[in-house]
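Okay, structure first, notes after.
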Amino acid sequence: MTRLSGADAILQSVINNGVDTIFGLPGGQLDYFFDAMYHEKSRVNLIGTRHEQGAAYMAFGYARSTGKVGTYTVVPGPGVLNSTAALCSAYATDTPVLCITGQIPSRSIGKGYGELHELPDQLATLKSLTKYAERIEHPSQAPDVVNQAFKALTSGRPRPVSLEMPMDIMAMESDVTLQTAYENTPLAPDLDRIKAAAKILGRAKRPLIVVGGGAIHAAAEVQEIAEMLQAPVVSFRSGRGIVSDQHYLGQNYPAGHQLWADADVILGIGTRLQLQQQFWGTDDDLKIIRIDIDPVEIDRITVPEVGIVGDAKLSLQNLIPEVGRHNDKRESREDELNGLKHSMLQKIGKVQPQMSYLEVIRQELPEDGYFCDEITQVGFTSWYGFPVYEPRHLITCGYQGTLGYGYATALGVKVAHPDKAVISVTGDGGFLFTATELATAVQYGINLVTIIFNNNKFGNVQRQQKEWFGGRLITSDLHNPDFVKFAESFGAAAYRTNSPEGLRQFIRKGLTHNGPTIIEVEITEDMASPWEFILTPPVRGQK
């Protein structure tokens, strides 16, 4: 046993579980926790942010780009509530984010006294937004509760969790027995289902593989089975880069729509298959095989021919040799699929000026660099128009579509990868959600390159108002600051351009700058709609 305060017991327990970076904002109920971090500066990197939303999104970006647990700490009540959009994004994208928060004095919880930062039932609120939420009511409980949290974070379907401790318990000292880190054992698949799936895949004539975030850690196995079957691999957002877009089998989302039409077997790995099943359509001629860690996800929309519940990597390691027993030698589809790539590039090339800017960004961003999107016209287009070469190198917020998430998230990505290039794209509307984190970027020397596409409007909202509501515009035009002066006032490098080639030279400057860079791109005309290649019509079943 070791004599520790409640705050120290939490901190030592998360460090034992591999946490090396914490993003946070100090405040009354966290004083003892921040003091504990002061004494562990050599073991944990603390990034102090300017808003709780920023802290949570930075943890989200850290986790999204590494697969490790991203950790943030905020005061209870308004601090927690300010961070919940990021928790929603983490939930939507199966991202392991840990929220550590304080609480009002233990004697006052549930009494409604009106204590500072009191919520009617904070724990209940957090339980509705996370996979696991718990209150630690004594320092001695911390190691076990923290390990339970890491079990939730790292086993099954990873999603955010939250831990809270009352301020008086953080200050309390007690004998504490620290524990070793929780170790996850991958879930093994049912071998009979593996064999059933292998027979179907081995006989398939036009197999197609669809991958999502649940297959990220199985990239090598995905590519191996794809090459074995000569099956193209497609994804929407989270699975981008599992098979590199430089490989002929790595196909973009619009190509997947075309391939779905005449596929006879679909292998879905770690993906919800939501858009494909709901919008592209299914019929009796299409056999679907699914591998997923979450049994609820397997038959959420349709019942597959074979559903395999298990870890993607372990399941594929078992499936590949079984497929080999049934798989005849297949002719390479390289010419066919390279032709499809070229055809799709020609088609999406009309989405302008987004594609021209994305081409420049891709050319200037090193192959191992990270690209963080935003809920903006360039961000939408990047889902299918920006080549991705490695898993986790396209950062998105998934189906939550949390406008304004991008800048702070990208800062977290850069903190996680200080030796890699990171580029963030955003719109003028979304950037201002967390623009105050420029102060954090300058203070900590976070050399993120951020490109603001400024059209002085919420572009997607205004397009819908024009197309759906007869051009009745309301609150979609924006009044913006001078972004160059704004960034310079914080001490950041800042530039302005109105062309792809102008952007190129400023990206080069930004990537070599020792600190944050803001590049404003002036957009004076409406951008082309990116939605033609996302909201695609059915190609099977009832059309």
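The values are calculated or read from the model by the stated rules, or taken from the named source; none is laboratory data. Model, not experiment: these values are computed from the prediction. Please note: Cβ atoms are built from the backbone with ideal geometry, for glycine as well, and neighbour counts cover all protein chains shown. Surface accessibility is based on the protein's heavy atoms, side chains included, excluding ligands, DNA and RNA. Shrake-Rupley method; radii C 1.70, N 1.55, O 1.52, S 1.80 Å.
List of remarks:
- Conditions (1) over 22 Å from ASP8 (Cα atoms); (2) buried (at least 24 other Cβ atoms within 10 Å of the Cβ); (3) touching a Pro at 6+ places or on another chain (Cβ under 6 Å); (4) not aromatic (Phe, Trp, Tyr): number failed by VAL97: (1)
- Selected residue (only one of ALA92, ALA133, ALA142, ALA149 is hydrophobic (A, V, I, L, M, F, W, C) and more than 30 Å from ARG3 (Cβ to Cβ)): ALA92
- GLU183 vs. criteria in contact with a Leu (Cβ under 8 Å, 6 or more places away or on another chain) and acidic (Asp, Glu): no
- Subset of the range 331-356 (residues that are under 21 Å from GLY510 (Cα atoms) and either basic (Lys, Arg) or open to solvent by 10 Å² or more (accessible area, probe 1.4 Å) (or both)): SER356
- In the range 226-260, the qualifying residues are those that are more than 17 Å from LYS341 (Cβ to Cβ) and more than 18 Å from the chain's Cα centre (by Cα), and the one that is surrounded by the most Cβ atoms within 10 Å (Cβ to Cβ) is LEU229.
- Residue count for the range 302-329, restricted to those that are surrounded by 14 or more Cβ atoms within 10 Å (Cβ to Cβ), under 26 Å from ILE216 (Cα atoms) and more than 29 Å from the chain's Cα centre (by Cα): 4
- Look at (1) open to solvent by less than 30 Å² (accessible area, probe 1.4 Å); (2) closer than 28 Å to ASP368 by Cα and you find that GLN223 fails only one, number (1).
- Hits in the range 247-283 (condition: within 25 Å of LYS199 (Cβ to Cβ), in a helix (DSSP H, G or I) and either basic (Lys, Arg) or without any contact (Cβ under 8 Å) to a residue 60 or more places away in the chain (or both)): GLY256, ASP262, GLN277
- Restricting VAL145, VAL176 to those that are surrounded by 18 or more Cβ atoms within 10 Å (Cβ to Cβ), out of contact with any Asp or Glu (no Cβ under 7 Å at 6 or more places or on another chain) and over 22 Å from GLY412 (Cα atoms) reduces the list to VAL176.
- Of the helices (runs of 4 or more DSSP H) that lie entirely inside the range 307-372, not one contains 1 or more residues that are on the phi > 0 side of the Ramachandran plot and either touching a Ser or Thr at 6+ places or on another chain (Cβ under 9 Å) or of a type outside the set (Val, Ile, Thr) (or both).
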